C-alpha cells in the first residue's frame with residue numbers, strides 16, 4: 001500500500017502573512033474571502049509572494065456495475081461517449097479549461113470499453129468497470145490499491161511538468177450512487193438525505209435510486225472504515241481521485257475541490273491522511289442533493305453557489321479566477337507605507 005507523508009504547513013508563517021495582508025492599502029478585511037485564500041495559499045507555499053503555475057484539471061473516467069440497477073438516467077455507454085467528447089474538446093470542463101488556461105488530462109480508470117490507442121487518453125484502466133455492489137464488493141483490495149497508486153502517479157506527472165495547482169473531475173454513470181454510499185457510511189448522515197437526481201432523474205427515478213441504495217446498504221456488513229467503504233462500493237475514478245488528492249498534498253500543491261463527488265473523495269482522503277485539508281479549497285456548492293449537507297458537515301464554505309451539477313471539475317475551474325485574484329492581491333497590491341497613505345479602517 002502506498003503511504004502519503006503530508007506535512008502540515010508551518011504555522012509560524014501565519015502571523016507574517018497576516019501582517020502582510022493587513023498592511024495592504026485597503027481597510028482591514030475588506031477583501032473578504034480573497035484575504036482568507038491568500039493566507040491559505042501563502043501558508044501552503046510558505047511565502048509572501050505565492051505563484052500559481054500550469055493549472056491542470058485531471059478527469060478520471062470509469063464505469064460502475066451498480067448502474068445495471070437503473071440508478072442513473074443514462075446507460076453505461078454514455079461514459080465512453082463523454083470520454084470521446086473530452087478528447088475532442090467539446091465538454092463543459094473543456095471550454096472552461098480553455099478560458100482559464102488549464103491543461104486537461106483524461107484518464108481511463110476503468111471504462112467498460114476497449115479504447116484504441118489515443119495519444120491524449122492516459123490508460124490506467126484497472127478493470128472494465130466495477131462489480132455490482134448490490135451483489136458483491138465492487139473491487140478487491142488489490143484493485144483498490146492499484147487505483148489509489150495510479151491516481152497518485154498521474155498527479156506526480158503533473159507536478160513534474162510544472163503544475164502547482166490542480167483540480168479533479170470525474171466521469172462515470174452511477175458515480176453519484178457510489179458517492180451517496182460513501183457519504184452515509186463516512187458521516188453517519190442518513191442515506192435518504194445523501195441521494196439526489198444525479199444526471200437528471202425525475203422524482204420516480206430518485207425514489208428507485210434510494211430504494212436500490214438502501215438494499216445495497218442493508219446487505220453491507222463491512223467495517224465502514226474508509227478502506228472498506230472504497231473497496232466495497234467503488235468506484236475506480238473516485239479512488240484514483242483520492243490517491244491524486246493525497247499525492248497533490250504530499251507535493252505541496254493546491255487542490256481545487258469540485259462538487260459532490262469530489263467532496264466525498266476529499267472526505268475519504270482526509271480519513272487516510274487528515275493534513276490533506278490544509279491544501280484544499282472548496283470551490284462550489286453543487287445542485288446535487290447531498291452536497292450542501294456534506295459541506296456543512298465538513299464546515300466548509302465554498303467560493304461559488306451557481307447550481308452547477310455537471311462534474312468534470314467544471315465548478316473548480318470556474319472558481320479559479322477567484323483563487324488567482326487572491327494571489328494577485330498579495331503580489332501586486334501596494335502597502336500603506338509604499339504609497340504613504342494614512343491607514344483607514
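Value of Rg to Rh for region 1-135, rounded to two decimals, is 1.14; Kirkwood radius and Rg both from alpha-carbon coordinates.
Of the residues 279, 113, 344, 320, the one with the fewest other Cβ atoms within 10 Å heads the list, and the complete ranking is 344, 113, 320, 279.
Cut-off is 10 Å between beta-carbons; in what order do 221, 163 appear when sorted fewest neighbours first?
Ranking 221, 163 by Cβ neighbours within 10 Å, fewest first, gives 221, 163.
Within region 56-328, all pairs of alpha-carbon atoms sorted by distance into 10 Å bins from zero give the percentages 7, 34, 40, 17, 2, 0. Classified by the C-alpha gyration tensor, region 118-207 has a prolate form. Its axis ratio a/c, with a ≥ b ≥ c, is 1.5 or above, and a/b is larger than b/c. Taking Cα atoms only, the orientation of helix 77-87 departs from the longest principal axis of the chain by about 30 degrees.
Using a Förster distance of 41 angstrom, determine the FRET efficiency expected from the C-beta separation of residue 225 and residue 157, and round it to 0.05.
0.85
When restricted to Cα atoms, region 206-314 yields an Rg and a Dmax of 14.4, 42 Å, respectively.
Taken along the Cα-to-beta-carbon direction at a fixed 7 Å, the label points for residue 192 and residue 95 span 3.9 nm. Full extension of the chain between residue 36 and residue 271 gives 82.2 nm of extra length, using 0.36 nm per residue less the Cα-Cα distance.
Per the Kirkwood formula on distinct C-alpha pairs, the Rh of region 282-345 is how many angstrom?
Working: mean 1/r = 0.0709 Å⁻¹.
Across region 282-345, the inverse of the average 1/r is 14.1 Å.
In angstrom, the C-alpha Rg and Dmax of region 1-55 are 13.6, 50.
Values quoted throughout were computed directly from the atomic coordinates according to the rules given, and no laboratory measurement underlies them. In this text the structure is predicted, and so the values were computed from the model without any measurement. Reconstructed Cβ throughout: ideal geometry from the backbone, glycine too, with neighbour counts over all protein chains shown.
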